[in-house]
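Everything on this sheet refers to the single structure shown next.
The values are calculated or read from the model by the stated rules, or taken from the named source; none is laboratory data. Please read these numbers as outputs of a predicted model, since none were measured by experiment. Using ideal geometry, Cβ is built from the backbone for each residue, glycine included, and neighbour counts are taken over all protein chains shown. Just the protein is used for accessible areas: all its heavy atoms, side chains included, with ligands, DNA and RNA removed. Shrake-Rupley method; radii C 1.70, N 1.55, O 1.52, S 1.80 Å.
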Amino acid sequence: MNLTEQIKQWFAEDIGDGDHSTLSCIPADATGAQKLIVKQPGIIAGIEVAKQIFATFDPTLEVEQFLHDGDKVEPGDIAFIVRGKTQSLLQTERLMLNIMQRMSGIATRTAEYVKLLEGTNTRVLDTRKTTPGLRYLE
């Protein structure tokens, strides 16, 4: 299964036929913007996947990117701003945040291990111990 198919499956599980609160409360023609603001220091990861999440759900969403996967981040940094239909922004938010938080956590922890091993003749390798449904990303 490729990433686009996986994203569609995640949306099917997360919102099914739509986020009914959003669809009933937010006018279909309303537009807005959202920022991804970093809350903790670390290594950010998942930006490219987030962009694909937005594009898969609503190709009209526009992403203005300030950071890149693998960048060191501090609280207050802005990774990107997404602009477009408010309904689309709200319906993509939870999936995007879940993926970004998980991938950034893994990247941050891995960077900590790499730093601890600096100067030794040891390397950090990947593992097959991953989460079903997230193996491609992890």
Name the single residue, out of those in segment 51-66 being farther than 18 Å from residue 137 by Cβ and not polar (S, T, N, Q), that is nearest to the chain's Cα centre (by Cα). 63
Residue pairs within 7 Å by beta carbon, gap of at least six or interchain, first lying in segment 97-125 and under 27 Å from residue 79 (Cα atoms), second of a type in the set (D, E, K, R) and in a loop (DSSP other than H, G, I, E, B), listed first then second, are 106/138
The correct count of residues that are among the small types (Gly, Ala, Ser) and either exposed (fewer than 13 other Cβ atoms within 10 Å of the Cβ) or part of a strand (DSSP E or B) (or both) in segment 31-60 is 3
How many residues are assigned to a loop (DSSP other than H, G, I, E, B) and either hydrophobic (A, V, I, L, M, F, W, C) or open to solvent by 80 Å² or more (accessible area, probe 1.4 Å) (or both) when one looks only at segment 1-30? 8
Selected residue [loosely packed, with under 15 Cβ neighbours inside 10 Å, in a helix (DSSP H, G or I) and at pLDDT 95 or above] from 116, 97, 89: 97
